[in-house]
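Heads up, the thing below is written out as structure tokens.
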Amino acid sequence: AMIALLEIFNQLKPYCKHKLKTNVVSNASLYCYLKRFSEMKEICVVICGVLFGYFTTPISPSGEEMTIVPTVGHVPSGLPAFCPPWDIPAFAEFTAYPDHVKHLVVGGVSVALTSFL
């Protein structure tokens with residue numbers, strides 16, 4: 001169903017663009033609104049998924065919520081403690097070859113510059 005919704009949004013955007021380009025549209029504001037709405041298709045699919053999960057959650061006789069859709073469960077808050085990689089064998093193996101470090105630094109700088117530009 002969500003794939004079909006995405007496909008509808010993908011077809012709606014060019015349709016609204018075409019209608020807005022023809023100046024004989026009486027509901028231009030409606031087509032402008034629909035075009036903007038179709039550009040936010042991913043957010044709409046997420047909202048539909050959340051609403052589906054919310055409205056399909058029955059409450060058991062004991063008062064607990066039972067989900068039809070599998071959920072992740074409890075996610076602990078915060079981040080784990082920082083652990084530097086110096087003691088990991090993969091780090092020692094990686095730094096044993098200076099060419100690997102050089103390629104990593106050059107690649108990292110290249111990605112940083114291209115994403116900055």
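Side notes on the structure shown:
- With respect to being modelled with pLDDT of 85 or more, under 22 Å from the mean Cα position of the chain (by Cα) and assigned to a helix (DSSP H, G or I), residue 105 falls outside the description.
- Residues of region 1-43 that turn out to be among the small types (Gly, Ala, Ser), open to solvent by less than 50 Å² (accessible area, probe 1.4 Å) and within 20 Å of the chain's Cα centre (by Cα), as a count: 1
- Those residues of region 7-66 which are in contact with a Phe, Trp or Tyr (Cβ under 8 Å, 6 or more places away or on another chain) and of a type in the set (Ser, Thr, Tyr), in sequence order: 38
- Residue in region 89-100 that is outside any loop (DSSP other than H, G, I, E, B) and either within 30 Å of residue 1 (Cα to Cα) or in contact with a Gly (Cβ under 7 Å, 6 or more places away or on another chain) (or both) present: no
- Residues (acidic (Asp, Glu) and either open to solvent by less than 80 Å² (accessible area, probe 1.4 Å) or out of contact with any strand residue (DSSP E or B) (no Cβ under 8 Å at 6 or more places or on another chain) (or both)) located in region 44-99: 64, 87, 93, 99
The values are calculated or read from the model by the stated rules, or taken from the named source; none is laboratory data. No experiment lies behind these values; they were computed from the predicted model shown. Reconstructed Cβ throughout: ideal geometry from the backbone, glycine too, with neighbour counts over all protein chains shown. Just the protein is used for accessible areas: all its heavy atoms, side chains included, with ligands, DNA and RNA removed. Shrake-Rupley method; radii C 1.70, N 1.55, O 1.52, S 1.80 Å.
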